[in-house]
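*Asks:* Mind having a look at this structure? Questions to follow.
The values are calculated or read from the model by the stated rules, or taken from the named source; none is laboratory data. Note that the structure is a prediction, hence the values are computed from the model and not measured. Note that we place each Cβ from the backbone using ideal geometry, even for glycine, and neighbour counts take in every protein chain shown. Note: areas computed on protein heavy atoms with side chains; ligands, DNA, RNA excluded. Shrake-Rupley method; radii C 1.70, N 1.55, O 1.52, S 1.80 Å.
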Amino acid sequence: GKNEYDLLIIGGGSGGLACAKEAAQFGRKVAVLDYVEPSPQGTKWGLGGTCVNVGCIPKKLMHQAALLGSALKDAQHYGWNIAQPVHHTWSVMAQAVQNYVKSLNWGHRVQLQDKKVKYFNMKGSFSDPHTIRGLTKAGKETILTAENIVIATGGRPKYPTHIAGAVEYGITSDDLFWLKESPGKTLTPFVFNVSLECAGFLTGIGLDTTVMMRSIPLRGFDQQMASLVTEHMESYGTKFLKRCFPTKVEKLESNRLQVTWKNTDLGTEETDSFDTVMWAVGRAPDTETLNLETVGVKTNSETGKIIVDASEATSVPHIYAVGDITEGRPELTPTAIAAGKLLAQRLFGQSLELMDYDNVPTTVFTPLEYGCVGLSEEAAVQCYGSDNIEVYHAYYKPLEFTVAERDATQCYMKMVCLREREQRILGLHFIGPNAGEVTQGFALGIKCGATYPQLMKTIGIHPTCAEEITKLHITKRSGLDATVTGC
């Protein structure tokens with residue numbers, strides 16, 4: 001028999017929604033299944049996926065709350081009379097952020113309706129290669145068939161289940177943004193960018209916050225930049241327990257959580273009590289209930305992620321996957337959106353254009369933001385050899401920091417270039433205010449193959465932090481002091 005839908009998408013996050021809406025533009029019959037399994041602590045949310053509900057959007061808004069706290073301190077230096085001490089109320093911020101997120105959930109539902117995409121609030125799993133079994137919260141079953149199926153279920157935070165008390169008493173980023181009351185004194189063990197970002201804004205709004213890291217921070221990012229980010233966070237007030245790992249979490253009579261950990265440097269066992277323990281041990285692909293093995297969709301046995309080719313196709317010809325669930329792709333909202341749109345265009349719009357995953361810019365929203373695009377210095381050395389790359393760098397002081405007498409020790413930028421005649425730019429790394437805005441602009445040039453001489457011909461906008469990139473002239477190789485002085 002004829003399939004009911006031209007395209008069926010499992011997962012209503014960034015990639016799935018973008019693919020659905022794009023396919024609908026071509027007049028195709030499209031359906032989206034989306035279902036949020038509550039976190040172990042019972043947190044659930046609406047349509048829109050990780051980014052909207054428990055990722056980029058609430059994170060950036062809470063980061064903004066912390067930046068405003070810093071601005072209040074600066075304001076006094078600029079002549080504003082602000083009564084001290086200032087106090088932050090978590091519940092007011094949380095309510096405002098959560099209300100905005102709910103408005104986005106509603107907006108996504110309206111958009112799907114407007115574009116005539118059928119939305120099912122159901123958990124989907126494969127019955128056969130063209131058939132999906134949808135199950136509602138109440139257990140009602142619906143059978144859907146489709147010519148093409150896209151898996152876009154993304155990932156969920158992992159719990160360190162080997163640590164006693166971790167699941168019972170800990171939360172993850174899935175819960176933090178939906179807390180109605182302040183998390184209080186917080187410990188976040190293991191260091192992924194989301195844990196640093198959360199620790200940063202928790203410190204910024206005045207909470208006692210500790211990061212526990214067993215090894216390196218921001219794995220996969222340039223390590224010199226990662227060190228500067230964590231150095232700044234320490235001076236900002238975030239505590240770090242380095243080369244430590246937790247062994248158990250216990251609940252005290254006071255309802256506080258007592259955490260025991262090992263300090264590998266000293267070989268000692270230590271304890272302290274916290275109000276909240278937020279795990280940040282990475283994310284696992286949400287594939288468990290999809291029944292992939294039944295239809296022959298191949299996954300990476302180590303990561304659990306779905307193996308796809310350059311066209312986002314899985315091992316089954318008409319089944320595709322986009323976003324965080326796919327092996328070897330960046331776990332970023334904009335790449336999922338772009339990949340989803342391009343996939344719909346190839347399926348229904350005679351396009352042949354593939355998603356290009358090179359030179360994807362990103363930013364870590366720590367108190368001092370870190371933006372980057374292209375290769376890290378380590379990756380460039382690995383690819384081309386240290387003799388064949390040139391690194392231009394500078395320590396600079398944002399003008400805004402001067403009157404406020406803010407420490408700018410960690411405000412730093414570097415550009416990694418090939419040394420050969422053309423000096424093509426391989427990577428740009430920037431730590432400072434508005435790093436995302438700065439990096440986004442330069443990302444276009446780097447995507448277009450910009451060279452160092454072209455950068456030198458680019459006139460800077462004075463007086464901005466981004467301008468300092470256009471003036472980079474000191475190389476690491478020279479050994480000269482890279483501190484920018486004067487105007």
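*Asks:* So, in segment 415-436, of the ones that are in contact (Cβ under 8 Å) with a residue 60 or more places away in the chain and not aromatic (Phe, Trp, Tyr), which residue ends up farthest from VAL229 (Cα to Cα)?
*Replies:* Initial filter on segment 415-436 (in contact (Cβ under 8 Å) with a residue 60 or more places away in the chain): 427, 429-436.
From what is left, the residues that are not aromatic (Phe, Trp, Tyr) are 427, 429, 431-436.
Numbers: GLY427: 18, HIS429: 12, ILE431: 8, GLY432: 10, PRO433: 12, ASN434: 14, ALA435: 12, GLY436: 15 Å.
So, considering only residues that are in contact (Cβ under 8 Å) with a residue 60 or more places away in the chain and not aromatic (Phe, Trp, Tyr), the one farthest from VAL229 (Cα to Cα) is GLY427.
Quick grid of which residues meet (1) more than 29 Å from the chain's Cα centre (by Cα); (2) under 22 Å from LEU399 (Cβ atoms); (3) surrounded by 13 or more Cβ atoms within 10 Å (Cβ to Cβ); (4) modelled with pLDDT of 95 or more:
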{"residue": "CYS417", "(1), (2), (3), (4)": "no, no, yes, yes"}
{"residue": "PHE430", "(1), (2), (3), (4)": "no, yes, yes, yes"}
{"residue": "VAL438", "(1), (2), (3), (4)": "no, yes, yes, yes"}
{"residue": "LEU444", "(1), (2), (3), (4)": "no, no, no, yes"}
{"residue": "SER478", "(1), (2), (3), (4)": "yes, no, no, yes"}
{"residue": "VAL484", "(1), (2), (3), (4)": "yes, yes, yes, yes"}
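*Asks:* Open to solvent by less than 30 Å² (accessible area, probe 1.4 Å) and within 29 Å of the chain's Cα centre (by Cα): does that describe SER235?
*Replies:* Details: open to solvent by less than 30 Å² (accessible area, probe 1.4 Å): no; within 29 Å of the chain's Cα centre (by Cα): yes.
So SER235 does not fit the description; no.
*Asks:* Can you name the residue in segment 278-302 that is in contact with a Ser or Thr (Cβ under 8 Å, 6 or more places away or on another chain) and in a strand (DSSP E or B) and, of all such residues, is nearest to GLY323 (Cα to Cα)?
*Replies:* Filtering first and then ranking leaves PRO285.
*Asks:* Assess whether LEU368 counts as being within 23 Å of LEU7 (Cα to Cα), crowded, with 22+ Cβ neighbours inside 10 Å and touching a helix residue (DSSP H, G or I) at 6+ places or on another chain (Cβ under 6 Å).
*Replies:* Working: within 23 Å of LEU7 (Cα to Cα): no; crowded, with 22+ Cβ neighbours inside 10 Å: yes; touching a helix residue (DSSP H, G or I) at 6+ places or on another chain (Cβ under 6 Å): yes.
Judged against the criteria, LEU368 is not a match.
*Asks:* Here is a follow-up. Can you pull out every residue in segment 295-311 that is touching a residue at least 60 places away in the same chain (Cβ under 8 Å) and more than 18 Å from ARG156 (Cβ to Cβ)? First the steps, then the outcome.
*Replies:* Quick first cut of segment 295-311, residues touching a residue at least 60 places away in the same chain (Cβ under 8 Å) only: 295-297, 306.
Residues satisfying the conditions are VAL295, GLY296, VAL297.
*Asks:* Collect the residues in segment 129-168 that are part of a loop (DSSP other than H, G, I, E, B) and touching a helix residue (DSSP H, G or I) at 6+ places or on another chain (Cβ under 8 Å), keeping them in residue-number order.
*Replies:* At the first step, the residues of segment 129-168 found to be part of a loop (DSSP other than H, G, I, E, B) are 129-130, 136-140, 152-154, 158-163, 165.
Listed by number, the residues that qualify are PRO129, ALA152, THR153, GLY154, TYR159, PRO160, THR161.
*Asks:* Would it be correct to say that GLU141 is of a type in the set (D, E, K, R) and either in contact with a Lys or Arg (Cβ under 7 Å, 6 or more places away or on another chain) or outside the structural domain of SER14 (by the TED database) (or both)? Explain how you work it out, then say what you get.
*Replies:* On the way: of a type in the set (D, E, K, R): yes; either in contact with a Lys or Arg (Cβ under 7 Å, 6 or more places away or on another chain) or outside the structural domain of SER14 (by the TED database) (or both): yes.
Considered against the rule, which asks whether it is of a type in the set (D, E, K, R) and either in contact with a Lys or Arg (Cβ under 7 Å, 6 or more places away or on another chain) or outside the structural domain of SER14 (by the TED database) (or both), GLU141 comes out as yes.
*Asks:* Return the pairs, sorted by first residue and then second, in which the second residue is acidic (Asp, Glu), the first residue lies in segment 49-71 and is within 18 Å of SER195 (Cβ to Cβ), the beta carbons are less than 7 Å apart, and the residues are 6+ apart or on different chains.
*Replies:* VAL54/ASP174; LYS59/GLU197; HIS63/GLU197
*Asks:* Here is a further query. Kindly check whether there is at least one residue in segment 52-73 that is under 19 Å from the mean Cα position of the chain (by Cα) and of a type in the set (Lys, Arg).
*Replies:* We begin by selecting, within segment 52-73, every residue under 19 Å from the mean Cα position of the chain (by Cα); these are 52-67.
Those still in the list that are of a type in the set (Lys, Arg) too: 59-60.
Yes, the conditions are met somewhere in segment 52-73.
*Asks:* List, please: which pairs have Cβ atoms under 9 Å, are six or more places apart or on different chains, and start with a residue in segment 381-401 that is open to solvent by 90 Å² or more (accessible area, probe 1.4 Å) and end with one that is of a type in the set (Ser, Thr, Tyr) and outside any loop (DSSP other than H, G, I, E, B)?
*Replies:* These pairs meet every condition: LYS397/THR483.
*Asks:* Scan segment 264-294 residue by residue and report those that are over 17 Å from ARG156 (Cα atoms), open to solvent by 20 Å² or more (accessible area, probe 1.4 Å) and of a type outside the set (D, E, K, R).
*Replies:* Answer for segment 264-294, where residues must be over 17 Å from ARG156 (Cα atoms), open to solvent by 20 Å² or more (accessible area, probe 1.4 Å) and of a type outside the set (D, E, K, R): THR264, LEU266, GLY267, THR268, THR271, SER273, ASN291, THR294.
*Asks:* Separate question: Can you list the helices (runs of 4 or more DSSP H) found entirely within segment 1-107 that contain at least 2 residues being open to solvent by 80 Å² or more (accessible area, probe 1.4 Å)? Before you say what the answer is, go through the steps one by one.
*Replies:* Details: elements: 14-25, 49-54, 56-77.
Result: 56-77.
*Asks:* Kindly indicate whether GLN113 is over 29 Å from SER173 (Cα atoms), over 32 Å from the mean Cα position of the chain (by Cα), modelled with pLDDT of 95 or more and part of a helix (DSSP H, G or I). Explain how you work it out, then say what you get.
*Replies:* Values: over 29 Å from SER173 (Cα atoms): yes; over 32 Å from the mean Cα position of the chain (by Cα): no; modelled with pLDDT of 95 or more: yes; part of a helix (DSSP H, G or I): yes.
So GLN113 fails the test.
*Asks:* Can I ask one more? Among the residues of segment 238-247, which ones are surrounded by fewer than 19 Cβ atoms within 10 Å (Cβ to Cβ) and of a type in the set (Val, Ile, Thr)?
*Replies:* Result: THR247, single match.
*Asks:* Same structure, new question: VAL373: of a type outside the set (Phe, Trp, Tyr) and either open to solvent by 30 Å² or more (accessible area, probe 1.4 Å) or not assigned by the TED database to the domain that holds PRO129 (or both), yes or no?
*Replies:* On the way: of a type outside the set (Phe, Trp, Tyr): yes; either open to solvent by 30 Å² or more (accessible area, probe 1.4 Å) or not assigned by the TED database to the domain that holds PRO129 (or both): yes.
When the stated conditions are applied, VAL373 passes them.
*Asks:* Still on this structure, please answer the following. For segment 461-475, what are the residues that are open to solvent by less than 70 Å² (accessible area, probe 1.4 Å) and either β-branched (Val, Ile, Thr) or over 28 Å from HIS63 (Cα atoms) (or both)? Steps first, answer last, please.
*Replies:* Going through segment 461-475, the residues open to solvent by less than 70 Å² (accessible area, probe 1.4 Å) turn out to be 464-470, 472, 474-475.
Answer for segment 461-475, where residues must be open to solvent by less than 70 Å² (accessible area, probe 1.4 Å) and either β-branched (Val, Ile, Thr) or over 28 Å from HIS63 (Cα atoms) (or both): THR464, ILE469, THR470, LEU472, ILE474, THR475.
*Asks:* When both residues are 6+ apart or on different chains and their Cβ atoms are under 7 Å apart, which pairs have a first residue that lies in segment 236-262 and is closer than 21 Å to GLY206 by Cβ, and a second that is among the small types (Gly, Ala, Ser) and open to solvent by less than 40 Å² (accessible area, probe 1.4 Å)?
*Replies:* THR238/ALA199; THR238/GLY200; ARG256/SER273; LEU257/SER273
*Asks:* Being modelled with pLDDT under 90 and over 23 Å from GLN258 (Cβ atoms) is the filter here; which residues of segment 204-217 pass it? Spell out how you get there, then give the answer.
*Replies:* Taking segment 204-217 first, the residues modelled with pLDDT under 90 are 214-217.
Once the filter is applied, which keeps residues that are modelled with pLDDT under 90 and over 23 Å from GLN258 (Cβ atoms), segment 204-217 yields SER215, ILE216, PRO217.
*Asks:* Just a yes or no: is a residue in segment 452-460 open to solvent by 70 Å² or more (accessible area, probe 1.4 Å) and touching a strand residue (DSSP E or B) at 6+ places or on another chain (Cβ under 6 Å)?
*Replies:* no
*Asks:* Now a separate question. Inside segment 230-250, can you point out the residues that are in contact with a Leu (Cβ under 6 Å, 6 or more places away or on another chain) and either over 30 Å from THR409 (Cα atoms) or in the same structural domain as GLY432 (by the TED database) (or both)?
*Replies:* Of the residues in segment 230-250, the ones in contact with a Leu (Cβ under 6 Å, 6 or more places away or on another chain) are 232, 249.
Listed by number, the list holds a single entry, VAL249.
*Asks:* Oh, and also: Search segment 185-205 for residues being out of contact with any helix residue (DSSP H, G or I) (no Cβ under 7 Å at 6 or more places or on another chain) and open to solvent by 20 Å² or more (accessible area, probe 1.4 Å), and hand back the single one that is farthest from ALA380 (Cα to Cα).
*Replies:* Checked segment 185-205; the qualifying residue farthest from ALA380 (Cα to Cα) is LYS185.
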